[in-house]
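Engineer: Please find one structure pasted underneath; my questions will follow.
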Amino acid sequence: MRLYALCDQGLLDRRGVLLEEYIRIAKEQNAEIIQYRNKSADIAFVKQQLIKIRKLYSGFLIVNDTYELIDFCDGVHVGQDDLRAIDTDPLKAVKILRDVIKRDKILGISTHNKEEVLQANEMELNYIGLGAYRETETKNNISTTLGEKLDEIASYSKHFVAAIGGVKKNDNFSHVTYHVIGSGLIP
């Protein structure tokens, strides 16, 4: 299993876990990637947290949504709704993002079904997040979970696949590159 640690600020706050503690745990678990997600803070706070993470962690650092802060990390991850906020055509939205973040940065998007995976195959991405695998406490608006279908859907991707949404360290997939784990890292 290759670990992609999802550091969700809202979850850390609810559980009373300091950012530094989460990064320590992620490093102990050999996380190759840490994604910092904060859906409620202003851009200045997100920037401050990225700088703090970079001081503590030398692996790949991804920011969720806030592509304006690309200079402080290695890449950006964007959900489907956030893509549509850039442009109603997801293909065009990814092209716009690529122009902003440049080719040397990592770009990943969330996908939820086979159709979105096939559409992502037409995009210049480094990876896709696919899920939700099962219910999770970091996302409240999950209408369906993929369960055992996730691995089959992942087989259609030409990109690396990160399984998202309620993934655990002991889950077993054939076509998934990374297990994205957020709350599962926190004791």
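The values are calculated or read from the model by the stated rules, or taken from the named source; none is laboratory data. This structure is a prediction, so every number in the text was calculated from the model and none was measured. Glycine also receives a Cβ, built like all others from the backbone with ideal geometry; neighbour counts cover every protein chain displayed.
Engineer: How many residues does the stretch 25-50 hold that are in contact (Cβ under 8 Å) with a residue 12 or more places away in the chain and either acidic (Asp, Glu) or part of a helix (DSSP H, G or I) (or both)? Walk me through it before giving the result.
Structural biologist: Keep residues of the stretch 25-50 that are in contact (Cβ under 8 Å) with a residue 12 or more places away in the chain, which gives 25-27, 29-41, 43, 46-47, 49-50.
Next cut, either acidic (Asp, Glu) or part of a helix (DSSP H, G or I) (or both) only: 25-27, 32, 43, 46-47, 49-50.
Number satisfying all stated conditions: 9.
Engineer: Next up: Considering only residues that are under 23 Å from Gly165 (Cβ atoms) and touching a helix residue (DSSP H, G or I) at 6+ places or on another chain (Cβ under 7 Å), look in the stretch 95-111 and name the one that is surrounded by the most Cβ atoms within 10 Å (Cβ to Cβ).
Structural biologist: Thr111
Engineer: Could you list all residues from the stretch 150-187 that are among the hydrophobic types (A, V, I, L, M, F, W, C), surrounded by fewer than 23 Cβ atoms within 10 Å (Cβ to Cβ), at pLDDT 95 or above and assigned to a loop (DSSP other than H, G, I, E, B)?
Structural biologist: The initial filter retains those residues of the stretch 150-187 that are among the hydrophobic types (A, V, I, L, M, F, W, C), namely 150, 153-154, 160-164, 167, 173, 176, 180-181, 185-186.
Pick out the ones that are also surrounded by fewer than 23 Cβ atoms within 10 Å (Cβ to Cβ) and you get 153, 160, 173, 185-186.
Checking which are at pLDDT 95 or above leaves us with 153, 160, 173.
Listed by number, the list holds a single entry, Phe173.
Engineer: Among Ile62, Ile70, which is the only one that is aliphatic (A, V, I, L, M) and over 21 Å from Asn30 (Cα atoms)?
Structural biologist: On the way: Ile62 fails: over 21 Å from Asn30 (Cα atoms).
Step by step, each of Ile62, Ile70 is checked, and only Ile70 is aliphatic (A, V, I, L, M) and over 21 Å from Asn30 (Cα atoms).
Engineer: If we scan the stretch 5-15, do we find a residue that is part of a helix (DSSP H, G or I), small (Gly, Ala, Ser), under 16 Å from the mean Cα position of the chain (by Cα) and closer than 25 Å to Ile86 by Cβ?
Structural biologist: Checked against the condition, which is being part of a helix (DSSP H, G or I), small (Gly, Ala, Ser), under 16 Å from the mean Cα position of the chain (by Cα) and closer than 25 Å to Ile86 by Cβ, the stretch 5-15 yields at least one hit.
Engineer: Here is a follow-up. Any residue at all in the stretch 93-100 that's aliphatic (A, V, I, L, M) and modelled with pLDDT under 95?
Structural biologist: no
Engineer: Gly59 - would you say it is under 14 Å from Ile186 (Cβ atoms), without any contact (Cβ under 8 Å) to a residue 60 or more places away in the chain and small (Gly, Ala, Ser)?
Structural biologist: No: the conditions fail for Gly59.
Engineer: Still on this structure, please answer the following. Among the numbered conditions (1) modelled with pLDDT of 95 or more; (2) within 18 Å of the chain's Cα centre (by Cα), tell me where Lys39 comes up short.
Structural biologist: Answer for Lys39: the failing condition is (1).
Engineer: Among the residues of the stretch 172-186, write down those that are more than 10 Å from Ala162 (Cβ to Cβ) and not β-branched (Val, Ile, Thr).
Structural biologist: Within the stretch 172-186, Asn172, Phe173, Ser174, His175, Gly182, Ser183, Gly184, Leu185 qualify.
Engineer: Within the stretch 159-178, is even one residue in contact with a Ser or Thr (Cβ under 9 Å, 6 or more places away or on another chain), in contact (Cβ under 8 Å) with a residue 60 or more places away in the chain and charged (D, E, K, R)?
Structural biologist: no
Engineer: Out of everything in the stretch 142-162 that is in contact with a helix residue (DSSP H, G or I) (Cβ under 8 Å, 6 or more places away or on another chain) and hydrophobic (A, V, I, L, M, F, W, C), what residue ends up being farthest from Leu125 (Cα to Cα)?
Structural biologist: Initial filter on the stretch 142-162 (in contact with a helix residue (DSSP H, G or I) (Cβ under 8 Å, 6 or more places away or on another chain)): 146, 153-154, 156-157, 159, 161.
Checking the rest, the ones that are also hydrophobic (A, V, I, L, M, F, W, C) come to 146, 153-154, 161.
On the way: Leu146: 22, Ile153: 17, Ala154: 15, Val161: 11 Å.
Residue satisfying both the conditions and the ranking: Leu146.
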